[in-house]
Amino acid sequence: MIESLNHLPRPSTDNASLAEHFSDLAPALNARQAAVEASRCLYCYDAPCVNACPSDIDIPSFIRNIHQENVQGAAEKILSANILGGSCARVCPTEILCQQACVRNHHQECAPVLIGLLQRYALDNAEFKEHPFQRAASSGKRIAVVGAGPAGLSCAHRLAWHGHDVVIFEARPKAGGLNEYGIAKYKVVDDFAQREVDFVLQIGGIEIRHGHVLGENLSLGELQQQFDAVFLGLGLAASRQLGLADENAPGVLAATDYIRELRQADDLSTLPVADRCIVLGAGNTAIDMAVQMARLGARDVNLVYRRGFEDMGATEHEQHIAKENQVRLLTWAQPEQVLLDDQGRVRGMRFARTRLSEGRLHTTGETFELAAAAIFKAIGQTFDDHALSDSSAQALARDGERIRVDEHMRTNLPAVYAGGDCTHLGQDLTVQAVQHGKVAAEAIHAQLMLNVEAA
């Protein structure tokens, strides 16, 4: 349980009723709906939706397969480009990626083809008697992958496909990364994240070792000695701090910590819930946190951001979800002080109003206070420097806090690659992490085979 919030009450609603609040945000298409939607695709040559997809899925091709009632073919087409296409269909911000690029947006009907839902339809309804991709003959090469999140799983699967043996070192009890621990419960429901992991592992040649933490019981130097190559899919494990006094007082918590507990809870009625709460941030995690507190029964949920709506990391679609769940979005307000009661627990927060002047953010001198029994920080994730504490890891080139890689996901260290949120390339999205893992795997495979030929 979350110790910082143990003093808070539990929901007054029973678990069964609460579970209904966390049903699928976007219900799946049925066969008729999928057929109608697939028929709207124009199957564009040089389709802009493909160019907008970070994982290079051949979107017109798989939609054509659905239109031709070849769901199996559609699923295989998707998975050949994105082995985690099921979770990406659920969590991708398609409204700013493939669907925003869809030419139907400029048609008189002004509505894109629902690509994300069609992708989900194909993968949910395909029936594989065996894994759709067969491993190549064993290469005798072993690769270490650190982190069983989207980047690590994608890299491991592609390497196994090429015939290499892979060992994934994962800190947590379950694989899946953000799909298992960090996504709103109403986006990835039931045990889908684990079923997807199981599907990935069916290709064979992949071993996951849980409880291994880089910087604690694992070092990059050891991995370099024991394996032919190393892929780092570390993510961003630490939460940014506000830099305010009393930031660690009872009632203040990182949003990701609460979301993790919520996603792993067997009984939602055991979770602590604040009648009034504040969520600090402007990204999708902030929206996820605020909406989930509202669905657990919080009466007054305020999401507060220091800039304006146009600067929010959360898409308009995500902002709309928040508003639909009675979350109040407050902008141009910067946290100034955590307010405590006589017992040293959170009772609210004081904010300074802000404005832009010559392109820079300034406080106006005006302040206001919001009452709250809990404050959730969703102001961004940061790199856990402890993970790269051994001498080999310290030699990794960094761009700020993130690992520097080239277009093939190679670091400055020989045979060491990295991908996902721990790097500086692309957006911090699940689909981007999957692509990083795939690109790194292809680069690792090419280098290993080159070394074999040279020998």
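The values are calculated or read from the model by the stated rules, or taken from the named source; none is laboratory data. Worth saying up front: this structure is predicted, and the values here are computed from it rather than measured. Positions of Cβ are backbone-derived with ideal geometry, glycine not excepted, and every protein chain shown enters the neighbour counts. Keep in mind that these areas ignore ligands, DNA and RNA; they rest on the heavy atoms of the full protein, side chains included. Shrake-Rupley method; radii C 1.70, N 1.55, O 1.52, S 1.80 Å.
Just the number, please: carbon plus sulfur as a percent of the accessible area of the range 368-408, 1.4 Å probe, no ligands or DNA/RNA counted.
Carbon plus sulfur share of accessible area: 47 percent.
Using a 1.4 Å probe, how large is the accessible area of ARG158, given in Å² and rounded to the nearest 10?
Probe radius 1.4 Å; accessible area of ARG158 about 30 Å².
In whole Å, what three semi-axes, largest first, describe the equivalent ellipsoid of the range 385-442 built from its Cα gyration tensor (square root of 5 times each eigenvalue)?
The three semi-axes for the range 385-442 are 19, 13, 9 Å.
Taking 2.2 N^0.38 Å as the expected size of a compact globular protein, what ratio does the Cα radius of gyration of the range 331-455 give against it, to two decimals?
1.63
Which distance in nm do the two modelled labels at ASP191 and ASP257 give, with both placed 7 Å along the Cα-to-Cβ direction?
With each label point 7 Å from Cα toward Cβ, the separation is 2.9 nm.
Take every DSSP beta bridge with both residues inside the chain and express the antiparallel ones as a percent of the total, to the nearest 5.
Approximately 40 percent, going by the DSSP bridge assignments.
Express in nm, to one decimal, how much length is gained between GLN326 and THR382 on full extension, taking 0.36 nm for each residue of separation and deducting their alpha carbon distance.
Taking GLN326 through THR382 to full extension adds about 17.2 nm, to one decimal.
In what order, largest first, do LEU413, LEU159 sit by accessible area if the probe radius is 1.4 Å?
LEU413, LEU159
If you put +1 on each Lys and Arg Cβ and -1 on each Asp and Glu Cβ, how big is the dipole of the range 72-158 around its Cα centre, in Debye rounded to 20?
Dipole about the Cα centre, nearest 20: 440 debye.
Could you pull out every residue, at least 5 positions away or on a different chain, whose amide H is within less than 5 Å of the one on LEU218? Hs are placed 1.01 Å off N in the peptide plane, and Pro or chain starts have none.
VAL213
Within 10 Å, count the other beta carbons around each residue, average over each peptide in 73-85, 255-267, and list them highest first.
Answer by packing, highest mean first, reads 73-85, 255-267.
Give a residue-ordered list of calculated ³J(HN,Hα) values for the range 396-402 (Karplus: 6.51 cos²θ - 1.76 cosθ + 1.60, θ = phi - 60°; whole Hz; x for Gly, Pro).
5, 6, 10, 10, x, 8, 9
Charges only on Cβ, +1 for Lys and Arg, -1 for Asp and Glu: so what's the dipole of the range 204-338 about the Cα centre, in debye to the nearest 20?
About 340 debye.
Just name one of VAL36, VAL103, HIS362: the one whose Cα is farthest towards the positive end of the charge dipole of the chain (beta-carbon charges, Lys/Arg +1, Asp/Glu -1).
Of VAL36, VAL103, HIS362, it is VAL103.
Could you grab the relative contact order for the chain? Cα pairs under 8 Å, six or more apart, rounded to a whole percent.
Dividing the mean separation by the residue count of the chain yields 18 percent.
At 0.36 nm per residue, and after removing the present C-alpha to C-alpha distance, how many nm does the segment from ALA111 to ALA35 gain when stretched out fully?
Difference between extended and current length: 25.7 nm.
Output needed for the range 264-319: three equivalent-ellipsoid semi-axes, defined as square roots of 5 times the C-alpha gyration tensor eigenvalues, in descending order, whole Å.
Square roots of five times the eigenvalues give 23, 12, 8 Å.
Going toward the positive end of the dipole of the range 126-177, with +1 on Lys and Arg Cβ and -1 on Asp and Glu Cβ, which of ILE143, CYS155, PRO132 do you reach last?
Final value for the positive-end residue is ILE143.
What does the highest-first list of 289-298, 367-376 look like by mean Cβ count within 10 Å?
In descending order of packing, they fall as 289-298, 367-376.
Once every Cα of the range 223-317 carries one equal point scatterer and solvent is ignored, give the base-10 log of I(q)/I(0) from the Debye formula at q = 0.11, 0.12, 0.20 Å⁻¹, two decimals.
For the range 223-317, the Cα-only Debye profile gives -0.44, -0.51, -1.10.
For the chain, with the dipole built from +1 on Lys and Arg beta-carbon atoms and -1 on Asp and Glu ones, taken about the Cα centre, which of LEU123, THR270, LEU388 lies farthest toward the positive end?
LEU123
Write down the accessible area per residue of the chain in Å², having rolled a 1.4 Å probe over the full set of protein chains.
Dividing the accessible area of the chain by its residue count gives 44 Å².
Could you tell me which label, among [x] 34, 24, 21; [y] 37, 29, 21; [z] 44, 35, 19, carries the value of semi-axes √(5λ) of the Cα gyration tensor in Å calculated for this structure?
Working out semi-axes √(5λ) of the Cα gyration tensor in Å from the coordinates points to [y].
I'd like to verify something in the chain: which complete DSSP H helices, judged by Cα projection on the helix axis, reach 27 Å or more and average at least -0.5 on the Kyte-Doolittle scale?
The answer, listed by residue number, is 430-454.
By per-residue mean of other Cβ atoms within 10 Å, what is the highest-first order of 143-149, 441-447?
143-149, 441-447
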